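Scroll down for the structure; my scribbles are underneath it.
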Amino acid sequence: MKSENSEDKLLIAKTEDLFSVCNRNFVPASSYFLDERQCFIAESVCRKQSGLYYGFWGGYENAKRKILCVYNEYFNDTWKEEIGLKCLTFRYRKEDKLTHRDFLGSLMAMRLKRETIGDIIIAEGMAQVFADEIAAKHIMAELCKIGRIGVSIYDDLPFELEPVQEYTEISGTVSSLRLDSVLSLSIRQSREKSAMLIKSSGVSLNFIQVYSASKELKCGDVFSVRGYGKFILSDVTGISKKGRIHITVQKYK
């Protein structure tokens, strides 16, 4: 995989190092929290390795921010516990409206690095935050307010706020699975305009900027279009009598 910048190169090197550390010490080796783009890059590195296992975990199945753990067969059943992830539950008055930005701002004001904090899920009078063990101890010891709002924090309550991702479904036929063709159906624009968006740095594929309109897509590919949103090619169901391909695209709400 081609890296676009020095941060990507560093991530690739650190991912390779996890395999070396695990091989050398015979114990699991874990990364910091990775965002969706970083997870994609790290997994492309992991697929090239052999002899060890790996997994991504952020505290729940559909977490956006995850930690990569590299482990051997002896840890097949316990690798998630080896990561040392903590779920912190915040409770406050229901009339106090706090946002993701409020929580993240207060956590960053504690001089915690973003890479030590996972997903932040907000509900009425309650929020749950995933953090690594060191950050969690610091939060439990030092934090008592989010902004001006007093909060109570617990580290022994179960996770219960799993968000449900909602989509708008788009179905139709395309002449091929080229990016410009799938994009045209997804955003209801001509292939020419879709190609222009790609060439003008307006499209990312699997969280990486892409410039080739002829790039072939496959099921599961995620693409974002500036001004139109984020999509996933969820299904390819067959070919019509005229030779066109039936596809389903889901647009993130």
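The values are calculated or read from the model by the stated rules, or taken from the named source; none is laboratory data. Please read these numbers as outputs of a predicted model, since none were measured by experiment. We place every Cβ from the backbone using ideal geometry, glycine too, and count neighbours over all the protein chains shown.
Here are some notes:
- Flag for residue 130 being under 29 Å from residue 83 (Cα atoms), in contact with a Cys (Cβ under 9 Å, 6 or more places away or on another chain), part of a strand (DSSP E or B) and not β-branched (Val, Ile, Thr): yes
- Filtered residue count, the stretch 201-235, keeping only those that are closer than 26 Å to residue 44 by Cα and assigned to a loop (DSSP other than H, G, I, E, B): 16
- Test: residue in the stretch 34-48 that is in contact with a helix residue (DSSP H, G or I) (Cβ under 6 Å, 6 or more places away or on another chain), basic (Lys, Arg), free of Cβ contacts under 8 Å to residues at least 60 places away in the same chain and not in a helix (DSSP H, G or I): no
- Unique residue being in contact (Cβ under 8 Å) with a residue 12 or more places away in the chain, surrounded by 12 or more Cβ atoms within 10 Å (Cβ to Cβ) and closer than 30 Å to residue 217 by Cβ when the list is 129, 174, 151: 174
- Restricting the stretch 38-62 to residues that are at pLDDT below 95 and either at positive phi or charged (D, E, K, R) (or both), the residue that is surrounded by the most Cβ atoms within 10 Å (Cβ to Cβ): 51
- Any chance residue 190 is without any contact (Cβ under 8 Å) to a residue 12 or more places away in the chain, exposed (fewer than 13 other Cβ atoms within 10 Å of the Cβ) and of a type in the set (Ser, Thr, Tyr): yes
- Single unsatisfied condition, residue 237 versus (1) loosely packed, with under 14 Cβ neighbours inside 10 Å; (2) of a type in the set (S, T, N, Q); (3) at pLDDT 95 or above; (4) over 26 Å from residue 38 (Cα atoms): (3)
- Comparison of 89, 116 shows that the only residue that is in contact with a Leu (Cβ under 6 Å, 6 or more places away or on another chain) and either over 30 Å from residue 148 (Cβ atoms) or not assigned by TED's automatic domain parsing to the domain that holds residue 23 (or both) is 89.
- Residue within the stretch 201-212 that is surrounded by 16 or more Cβ atoms within 10 Å (Cβ to Cβ), touching a strand residue (DSSP E or B) at 6+ places or on another chain (Cβ under 7 Å) and under 17 Å from residue 174 (Cα atoms) present: no
- Of all residues making up the stretch 146-184, the number that are of a type outside the set (A, V, I, L, M, F, W, C), in contact with a Ser or Thr (Cβ under 6 Å, 6 or more places away or on another chain) and within 17 Å of residue 86 (Cβ to Cβ): 1
- Flag if residue 29 is surrounded by 14 or more Cβ atoms within 10 Å (Cβ to Cβ) and over 18 Å from the mean Cα position of the chain (by Cα): yes
- Residue within the stretch 157-172 that is assigned to a strand (DSSP E or B), closer than 27 Å to residue 119 by Cβ and not β-branched (Val, Ile, Thr) present: yes
- Here residue 69 meets each of (1) in contact with a Lys or Arg (Cβ under 8 Å, 6 or more places away or on another chain); (2) surrounded by fewer than 20 Cβ atoms within 10 Å (Cβ to Cβ) with one exception, condition (2).
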